[in-house]
1. State, as an integer percentage, the relative contact order of the chain based on alpha-carbon contacts under 8 Å between residues 6 or more apart.
2. What FRET efficiency, computed as 1/(1 + (r/R0)^6) with R0 = 25 Å and r the Cβ-Cβ distance, is obtained for Glu29 and His9, rounded to the nearest 0.05?
3. Choose one of Ile33, Thr49, Gln19: the residue whose Cα lies farthest towards the positive end of the charge dipole of the chain (beta-carbon charges +1 Lys, Arg; -1 Asp, Glu; about the Cα centre).
4. What is the dipole size for the chain, taken about its Cα centre, with +1 at each Lys and Arg Cβ and -1 at each Asp and Glu Cβ, in debye to the nearest 20?
Amino acid sequence: MSRPKQFEHHRYVGDKRNQRVHDLDNASEACAIDELMAAETFVSFGPDTLVEARNRTYKPCRHCVSADDDAA
Ligand SMILES: [Zn+2]
């Protein structure tokens with residue numbers, strides 16, 4: 001799927017409701033990114049990395065963030 005236009009320049013998006021971080025380059029239907037955009041409870045990270053998301057206590061989404069990325 002393509003990135004939402006709000007996230008054209010970001011790879012990772014967090015959902016404030018459940019503190020999950022999604023990888024937009026790998027997102028699936030199960031991630032419900034469209035619904036997240038509609039709910040406007042998303043957050044971007046600076047720098048736009050999984051490490052930064054984790055530092056902000058976001059947990060990787062199991063649908064789109066691979067275990068390898070999680071370990072890195
Ligand atoms: Zn996801």
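1. Values: 95 pairs, mean separation 26.5, N = 72.
Relative contact order of the chain: 37 percent.
2. On the way: r = 23 Å, r/R0 = 0.94.
Plugging the Cβ-Cβ distance into 1/(1 + (r/R0)^6) gives 0.60.
3. Gln19
4. Approximately 260 debye in magnitude.
The numbers here are math on the coordinates, done by the rules we state, and not lab data. Model, not experiment: these values are computed from the prediction. Positions of Cβ are generated from backbone atoms using ideal geometry, with glycine treated the same way; all protein chains shown enter the neighbour counts.
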